[in-house]
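The next block holds one structure in the form of structure tokens; read it before the comments.
Derivation of every value follows stated rules applied to the coordinates shown; laboratory data play no part. Quantities reported herein were computed from a predicted structural model and do not represent experimental measurements. Note that we place each Cβ from the backbone using ideal geometry, even for glycine, and neighbour counts take in every protein chain shown.
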There are 2 protein chains.
Amino acid sequence: MESEWISQLRRRIGPHPAVPLGIGDDAALVQIGAASGCVVTVDMLTEGVDFLLAAADPRAVGRKALAVNLSDLAAMAAQPVAGVVALALPRKGGMALAEALYDGLLPLADRYDLAIAGGDTNTWEGPLVISVTLLGKVGPGGPLLRGGARPGDRIVVTGAFGGSILGRHFDFEPRVREALLLAERYRLHAGIDVSDGLSIDLARLASESRCGAVLWPHAVPIADDARRLAAQLGDGSTALDHALADGEDFELILAVEPHEAERMLAEQPLTAPLTAIGEFVPERGLWQVDAAGRKSPLAPQGYEHEMT
Amino acid sequence: MESEWISQLRRRIGPHPAVPLGIGDDAALVQIGAASGCVVTVDMLTEGVDFLLAAADPRAVGRKALAVNLSDLAAMAAQPVAGVVALALPRKGGMALAEALYDGLLPLADRYDLAIAGGDTNTWEGPLVISVTLLGKVGPGGPLLRGGARPGDRIVVTGAFGGSILGRHFDFEPRVREALLLAERYRLHAGIDVSDGLSIDLARLASESRCGAVLWPHAVPIADDARRLAAQLGDGSTALDHALADGEDFELILAVEPHEAERMLAEQPLTAPLTAIGEFVPERGLWQVDAAGRKSPLAPQGYEHEMT
């Protein structure tokens, strides 16, 4: 029963200093503690698109629902503060499913000192839907936007790309700490996280910045998963194709002024590698240069929700 | 296509002073403008439970998705500031449906000067899900909680109850302005909005306040819809039964000290009537007294999501 579930969740989640009033009232009260305002992001995951419950551990689904949102805060260089969770659960087995989702979600919340401030738990005849909204705060430097890249800036990425479907799309670590550290130590002009695909998300960053981007394909860090997936599929797609198009890598793409980028790459301040994979240019659009320096258009590839 | 939809929405929604950064980045930036923190609430509506698309105008569904959340802010005596909207749309016809949902939602947002700061638009093979998260702010008096009722306080309600299924559950006006006005002019001890049913929500308020509530059934303001519904159904249920159990009235239940309640009721500062329908008592539980003053237990009735 719904009320039992809420009581149980309330006991389980307990108090948090950022949330003077949490689960159990009509709304929650969150202390953001930043004069610069409150960063807010929402991401909804749906059965059959973002996961298959028949194949996935529901704890991994709960973890992912939070992690994709944390990745959005990372892309803003924002510190997570609190979140709310809305669920549409199948009626049969909904209680056990909700528990398993929270089993996956809560340890990740703890890891980032994120308070779960409230939520809305529904049951229905449909498949599982989980929607997480996060609130965060940014430092005095303000949020890291998509629109700040300037021609000449280097394209710097964290980690490696491609083949996340082999498992990384569930167990990736959102780049929250990395983003906060980089934003503190270096001047970053712009940033985005790779959810839909390296090439499509890079194109979005460039477009928001009203400039273009030239990718150096030979420099793109390719995940082992991308190689494995290309080999498994045997459909002529290369590991690089997967790195550019697969998405759900949840790595960061950053725009960094060339000297600053040089310093970052030399210092390598993260456990994850930082790699320059191209540069922003005045001419709009997405481009690639081959080893011989020949420039050609590159079609942005990645996931887009079909709508008709 | 998703990106076209986002561009279109971005043009349509435009800038708002409370949202320095809105739709189009990884997250939005919201200026809450209240040192006391940020009130946050989320409510998800699902096809088949909260509405039937076959029978309902999707604009009414979009309006309701926002209105139920505004009602939660009203129940906290909080001023709406900004919101984010997450959608799971059926693939076929998703674009037209999304437009219609926003056609219903945006005028209501404007009416309360609420900024739509961002969202997440998904398509899938399932039915429509719409989840709205709102941020609000409270005045120096702080939020109106469920837990503040004291034995002796009067139970005061706005408006009338029952039969909302005949249409009011779509076109009700959330009691945002009423709550702000009452919180400013009177000392309110506690408050809740009636979403699941007058009796069940009253029982929740009493339970959070660690006291009981005695209802005066003869004093309950009964909506014309409740009478119409009782007559239509002809199943022996009375209009009062509907007033106590139907839910989705989205009226306020308030706990107010007796003298203050007297003043409120005499002044009737709202367009909607204010009515005293009982009092809070030390003994836990929900009770009713008949016209002869005999007290008996009253079973809380209303909607609860079934979970097994």
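Panel values: chain A, Kirkwood radius from alpha carbon pairs, Stokes-Einstein at 20 °C and 1.002 mPa s, translational diffusion coefficient 106 µm²/s. Restriction of the trypsin sites (Lys or Arg not before Pro) in the range B:152-203 to DSSP coil positions whose beta-carbon has at most 14 other beta-carbons within 10 angstrom yields B:R187. Note on the range B:2-137: along the principal axes its Cα atoms extend 44, 31, 22 Å, ordered by decreasing extent.
Distance from the C-alpha centroid of the range A:246-279 to that of the range B:256-307: 62 Å, rounded to the whole angstrom.
Hey, got a sec? Which trypsin sites (Lys or Arg not before Pro) in the range B:252-308 land in a DSSP loop and have at most 16 other Cβ atoms within 10 Å?
B:R284, B:R294
Based on the alpha carbons, how large is the Rg to Rh ratio for the range B:145-185 when Rh follows Kirkwood?
In the range B:145-185, Rg relative to Rh is 1.05.
Just to be sure I understand: of the beta bridges DSSP finds with both ends in the protein assembly as shown, what percent are antiparallel, rounded to 5? Around 75 percent of the beta bridges assigned by DSSP in the protein assembly as shown are antiparallel ones. The other copies place their A:G152 label points at 7.4 nm from this one, listed shortest first, where each point is 7 Å from Cα along Cα→Cβ. Legend: calculated FRET efficiency, A:K92 to A:T271, from the Cβ-Cβ distance at R0 = 56 Å, rounded to 0.05, equals 0.85. In loop segments of the range A:34-138 as defined by DSSP, the GluC sites (Glu not before Pro) with at most 15 further C-beta atoms inside 10 Å of their C-beta are A:E125.
As a rough footprinting exposure proxy, the listed residues A:V39, B:V281 were ranked by other beta carbons within 10 Å of their own, and the order from fewest upward is B:V281, A:V39.
Students often forget the sequence filter, so: which aspartates and glutamates lie under 12 Å Cα-Cα from A:K92 once same-chain residues fewer than 8 apart are removed? Output for A:K92: A:E125, B:E306.
Considering every alpha-carbon pair of the protein assembly as shown, the percent of pairs per 10 Å bin, from zero through the bin containing the longest distance, is 3, 17, 26, 25, 15, 8, 5, 2, 0, 0. Helical runs assigned H by DSSP (4 residues or longer) give chain B a calculated mean residue ellipticity at 222 nm of -10000 deg cm²/dmol, each run adding -39500 (n - 2.57) before division by the residue total.
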